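The values are calculated or read from the model by the stated rules, or taken from the named source; none is laboratory data. Since we're looking at a predicted model, the values are computed, not measured. No Cβ is skipped: glycine too gets one built from the backbone with ideal geometry, and neighbour counts run over all protein chains shown.
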Amino acid sequence: MRLALYQPDIPQNVGAAIRAAACFGAGLDIIAPCGFPLDSRKIGRVAMDYGTLAPPTIHDGWQPFCDAQHPARLILLTTKASETIWDFSFRRDDILLMGRESAGAPDDVHEAVNARLRIPLAPQARSLNITVAAAVALAEARRQLGWEDSAR
């Protein structure tokens, strides 16, 4: 399973995504351009030493990312979806795609994905931080697929 960040705006979220991907045994893709330099020290402060466990693959844009991913399914996490992560059957080769923090994913990305999912939230809540949402979805996928806890 992989986690992909579409044109992230916040370096600390990339650092947290590196750590989440490493902890859940997922690969990580970053789709440029980003709203910050990819060598930002802010990434490393949050990622800590997890970068060696989930080194990100950088793609020069949406199309190069898509070209590199077939035949994997692209699963977009979005507040605009009707289907939830609880009702979806994940596969080991799925790619969980997160939109930009400031704007989500554009229409062409919504049209290109295989599924759009949301995480059910309390009625008054709008959305989770993208890395928190990614971690919730990775945990649900891991639960469904029966991956063992390596700490046991």
Given the criteria more than 21 Å from ALA141 (Cα to Cα), modelled with pLDDT of 90 or more and touching a strand residue (DSSP E or B) at 6+ places or on another chain (Cβ under 9 Å), does ALA81 qualify? no
Residue check, ASP29 against (1) among the charged types (D, E, K, R); (2) modelled with pLDDT of 90 or more; (3) farther than 20 Å from ALA141 by Cα, all met but one. Which one? (3)
For region 50-152, please list each of the strands (runs of 3 or more DSSP E) lying entirely inside it that holds at least 3 residues being more than 17 Å from ILE30 (Cβ to Cβ) and within 13 Å of the chain's Cα centre (by Cα). 115-118
One residue is enough: does region 6-17 have a residue meeting the conditions at pLDDT 95 or above, crowded, with 17+ Cβ neighbours inside 10 Å and under 21 Å from GLY146 (Cα atoms)? no
